[in-house]
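Shown next, in structure tokens, is the structure this report addresses.
The values are calculated or read from the model by the stated rules, or taken from the named source; none is laboratory data. These numbers come from a predicted model, not from an experiment. Glycine also receives a Cβ, built like all others from the backbone with ideal geometry; neighbour counts cover every protein chain displayed. When the accessible area is computed, the model is the full protein with side chains, heavy atoms only, and any ligands, DNA or RNA have been set aside. Shrake-Rupley method; radii C 1.70, N 1.55, O 1.52, S 1.80 Å.
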Amino acid sequence: MTLRAREALESCTVLAGYTTYIRLIQADYPGKRILMTPMRQEEERCRMALEAAQTETVAMVCSGDPGVYGMASLCYELSSEFPPINIEVIPGVTAATGGAAVLGAPLTHDFAVISLSDLMTPMEKIETRLDCAARADFVLCLYNPSSRKRSDYLRRACDIVLNYRSPDTPCGYVKQIGREGEESVVLTLAELREAQVDMFTTVFIGSSQTTVINGKLVTPRGYLQR
């Protein structure tokens, strides 16, 4: 969390968010009114927050950065249905940069962030984006790589990337970034294809330039080659 985010949580009167995220912080901010909904009730959650914001100061809690697969856009989209209020988007540390720091420096050059969740994006479009990014030799950062209903999606993603990259391409993943139980693994693309991950894991697939230095993933920016 950024310092500004902590200040916002301290000064607000209402905490709104996904059940899991509220429970992570609720004990640190006692006395707040709580508005929370489970997974896949994002629209209801935003409407509750916008309604409360007419008379109170509301903090909509997201994981990572609210503008990266977060609730910022939905709050703006729905805000036109309510009397005008001031919306401030407070940046946080998204899983891409948080996980990259754990693994080393895999995102120092151009990279693409792609979610493998097909709840709101057709899998055909996700596969097209994977193909284009892999062909362009971007480092890939994959959000939502697997779930019980999508247990083979990471394998499918790796198969697309393997059309353009060596099975020995350095990769890595981090589970529970910045939380209790954080775990990181550096492995090859071939090994990643067989890895068991979950929705709380962020996956990194190196480019043709990515290497492993002292057990850490590193994508050179090119300073030494200039």
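Quickly run through the range 115-125 and pick out the residues that are open to solvent by 40 Å² or more (accessible area, probe 1.4 Å) and at pLDDT 95 or above. Break it down stepwise before answering.
Initially, the range 115-125 is screened for residues open to solvent by 40 Å² or more (accessible area, probe 1.4 Å), giving 118-120, 122, 124-125.
Matches in the range 115-125: Pro122, Glu124, Lys125.
Which one of these does Glu183 not meet: (1) closer than 18 Å to Thr94 by Cα; (2) in contact (Cβ under 8 Å) with a residue 12 or more places away in the chain?
Only one criterion is unmet by Glu183, namely (2).
Where residues in the range 126-152 are open to solvent by 20 Å² or more (accessible area, probe 1.4 Å) and of a type in the set (A, V, I, L, M, F, W, C), which of them is nearest to Ser207 (Cα to Cα)?
Among them, the one singled out is Phe138.
Please list, ordered by first then second residue, the pairs with beta carbon atoms under 7 Å, 6 or more apart or interchain, first in the range 195-211 and closer than 13 Å to Arg165 by Cβ, second small (Gly, Ala, Ser) and open to solvent by 60 Å² or more (accessible area, probe 1.4 Å).
none
Could you grab me the full set of residues in the range 175-197 that are in a strand (DSSP E or B) and in contact with an Asp or Glu (Cβ under 7 Å, 6 or more places away or on another chain)?
Matches in the range 175-197: Lys175, Thr188.
Cβ-Cβ distance below 9 Å, separation of 6 or more or different chains: which pairs start in the range 91-111 with a residue that is touching a residue at least 24 places away in the same chain (Cβ under 8 Å) and under 15 Å from Lys216 (Cβ atoms) and end on one that is open to solvent by 60 Å² or more (accessible area, probe 1.4 Å) and in a helix (DSSP H, G or I)?
That search, which allows pairs on different chains as well, returns Leu107/Thr97.
Of all the strands (runs of 3 or more DSSP E) wholly in the range 14-114, which have at least 3 residues that are open to solvent by less than 20 Å² (accessible area, probe 1.4 Å) and either under 30 Å from Asp137 (Cα atoms) or touching a Ser or Thr at 6+ places or on another chain (Cβ under 7 Å) (or both)? Give the derivation first.
Details: elements: 14-18, 33-37, 58-61.
Correct list: empty, since no element meets the threshold.
Of all residues in the range 175-215, which are on the phi > 0 side of the Ramachandran plot and of a type in the set (Ser, Thr, Tyr)? Can you show your working first?
First pass over the range 175-215, keeping only residues on the phi > 0 side of the Ramachandran plot: 176, 178, 181, 214-215.
Result: no residue meets the conditions.
Is one or more of the residues making up the range 158-173 open to solvent by less than 10 Å² (accessible area, probe 1.4 Å), part of a strand (DSSP E or B) and at pLDDT 95 or above?
Taking every residue of the range 158-173 in turn, at least one turns out to be open to solvent by less than 10 Å² (accessible area, probe 1.4 Å), part of a strand (DSSP E or B) and at pLDDT 95 or above.
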